[in-house]
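Report on one structure; see the data block that follows.
The values are calculated or read from the model by the stated rules, or taken from the named source; none is laboratory data. This one's a predicted model, so the numbers in the text were calculated from it and none came from an experiment. Note that each Cβ is placed from the backbone with ideal geometry, even for glycine, and that neighbours are counted across all protein chains shown.
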Amino acid sequence: MFFLEGLAIGLATLFMIGPVVFILINATIQNGVKSGISVSFGIFFSDTIYVLLISFFGINLLLDNPILNKYLGLIGFLILLGFGLTYTLKKEKIALKSTSNLTHFQNFIKGFSVNFFNPFVLGFWVLIAKYGFDKYQENGSYFLFSLVSGILVIDLAKVFLSKKLIPLLNSNKIFLIYKISGIVMLLFSFRVLYRFLTT
């Protein structure tokens, strides 16, 4: 039962919109499916680290560690600000490419960094872990790992759905997507900064 519920909650993240979604979609649209998959596994790896930390050290490691929260918030702000400015200030038109300018490892790092250094992702895992361990106790870790698996499935689905959009896009539309993505990331960065300054 814990496996099915965890998987279902992971699949439900389809409806969650955050900066990492735009990183995922942009990588796929501009550079192809393999780039999107690399970003997906970067997200998966960062989520897995959170789950391992919670499983081995307990939820209090994240709840009672204000220094960790502060550093994550500051680094998350800088990363999102950097991507936001890069996308927003991009001036040249973007053409569809069959090969990526970035290596798979670089795309992996993009997905990992935007997801891992996001304090709202940390907050999500704290709430989910509390729920999972309260309900399933010794099976709480299995619940969390099944949830991570569901998130990976959804992220891979987003990659392949993004691929379906490619025939409908041209350089002007891709340029607009990048601009919108940049603005969204800037908004998220200032939200993270506000939380960093007020906690």
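Listed values, structure above:
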quantity: Counted residues, segment 4-60 - those being over 14 Å from the mean Cα position of the chain (by Cα), at pLDDT 75 or above, more than 24 Å from residue 102 (Cα to Cα) and buried (at least 18 other Cβ atoms within 10 Å of the Cβ); calculated: 2
quantity: Among the residues listed as 177, 166, the single one being of a type in the set (Val, Ile, Thr) and either at pLDDT 80 or above or surrounded by 17 or more Cβ atoms within 10 Å (Cβ to Cβ) (or both); calculated: 177
quantity: Residues of segment 103-119 satisfying the condition of being over 16 Å from residue 32 (Cβ atoms) and not in a helix (DSSP H, G or I); calculated: 117, 118
quantity: Sole exception among (1) farther than 18 Å from residue 23 by Cα; (2) modelled with pLDDT of 85 or more for residue 84, by number; calculated: (1)
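Listed here are the residues, each with its yes/no results for (1) assigned to a helix (DSSP H, G or I); (2) under 21 Å from residue 85 (Cβ atoms); (3) free of Cβ contacts under 8 Å to residues at least 24 places away in the same chain; (4) charged (D, E, K, R).
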position	(1), (2), (3), (4)
145	yes, no, no, no
151	yes, no, no, no
154	yes, no, no, no
157	yes, no, no, no
165	yes, no, no, no
173	yes, no, yes, yes
181	yes, yes, no, no
189	yes, yes, no, no
